[in-house]
Amino acid sequence: MKPKVISFHYVLTNNRGEKLDSSEGGPPFSFLADAGQIIPGLDRELQTLPVGEKRRINVKAADAYGPRDEQLVIKVPRARIPAAEIRIGDRFRTSRDARAAVVTVTALSDTEVTLDGNHPLAGEDLTFDVEVTAVREATAEEIAHGHAHGPGAAHTHES
Ligand code: ZN
């Protein structure tokens with residue numbers, strides 16, 4: 001089977017019914033199937049849907065952003081954080097390397113900052129209300145790059 005690029009609109013909610021994200025007001029989101037571009041539980045289900053299909057897809061944490069790892073929660077002295085102002089919910093990379101882990105500030109005191117290296121959605125069961133808007137064959141370039149191109153693609157090239 002030729003690799004596919006799938007475009008879809010979505011509304012993402014957690015298991016408390018809180019809306020976390022959606023594609024409303026923008027182009028549908030496009031991704032290369034089976035390339036690890038989106039969470040596995042959603043990738044697999046979307047490949048089974050025809051264009052025009054609306055579906056509610058429930059994805060368990062294990063098939064989404066994985067379980068929480070409490071070992072990724074660390075406390076560091078306030079003085080070690082280079083930012084002048086720190087707020088709960090701030091996210092930043094642990095080094096200038098673009099591949100460095102992203103951490104979230106989850107607690108603060110005058111002397112200590114608690115940093116959580118888990119993905120914000122780790123441990124969450126997620127619900128996606130989706131509508132598939134297009135399915136097409138991937139181009140050779142997309143297959144070589146391992147991601148979709150064009151409007152709605154998560155990835156863009158500067159050139
Ligand atoms: Zn590319």
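A short reminder: the numbers here are calculations on the coordinates, not readings from a lab. Everything numeric here is computed off the predicted structure, so don't read it as measured data. Neighbour counts are summed over all protein chains in view; Cβ atoms, including those assigned to glycine, are modelled from backbone coordinates with ideal geometry.
For GluC sites (Glu not before Pro), the sites in the range 39-126 that DSSP calls loop and that have at most 11 other Cβ atoms within 10 Å are Glu85.
Of the residues Ser95, Gly152, Gly52, the one whose Cα sits farthest toward the positive end of the charge dipole of the chain, with +1 on the Cβ of Lys and Arg and -1 on the Cβ of Asp and Glu, is Ser95. Comparing Arg96, Arg55, Arg68 in a Gaussian network model of the chain where C-alpha atoms under 10 Å apart are linked, the largest mean-square fluctuation is found at Arg96.
With each label modelled as a point 7 angstrom along the Cα→C-beta vector, the Lys19-Ile143 pair spans 3.9 nm. Using a simple spin-label model with pseudo-atoms 7 Å out from Cα toward Cβ, Glu53 and Ile81 lie 4.5 nm apart.
Just add up the charged neighbours of Thr139: K/R +1, D/E -1, any other residue whose Cβ is under 12 Å from the Cβ of Thr139. Result for the neighbourhood of Thr139: 0. When peptides 12-18, 36-42 are sorted by average Cβ neighbour count within 10 Å, with the highest value leading, the order is 36-42, 12-18.
So how strong a dipole does the chain carry about its Cα centre when Lys and Arg Cβ are +1 and Asp and Glu Cβ are -1, to the nearest 20 debye? Could you put the intermediate results ahead of the total?
Details: 19 positive and 24 negative charges, 27 e Å.
Computed charge dipole of the chain: roughly 140 debye.
Sequence-distant contacts, meaning Cα pairs under 8 Å at least 6 residues apart, place the relative contact order of the range 1-96 at 19 percent.
At 222 nm, what value in deg cm²/dmol follows for the chain if DSSP H runs of at least 4 each add -39500 (n - 2.57) and the sum is divided by all its residues, to the nearest 500? Intermediate results must be reported in sequence, preceding the final value.
Working: 2 runs with 13 residues, N = 159.
-2000 deg cm²/dmol, from helical runs alone.
Using only alpha carbon pairs under 8 Å that are at least six residues apart, calculate the relative contact order of the range 19-159 and give it in whole percent.
35 percent
In the chain, what % of DSSP beta bridges are antiparallel (nearest 5)? Don't jump to the answer; show the numbers that get you there.
Values: 36 of 37 bridges.
Around 95 percent antiparallel, to the nearest 5.
Comparing Asp43, Asp110, Asp90 in a Gaussian network model of the chain (Cα springs below 10 Å), the most mobile by mean-square fluctuation is Asp110.
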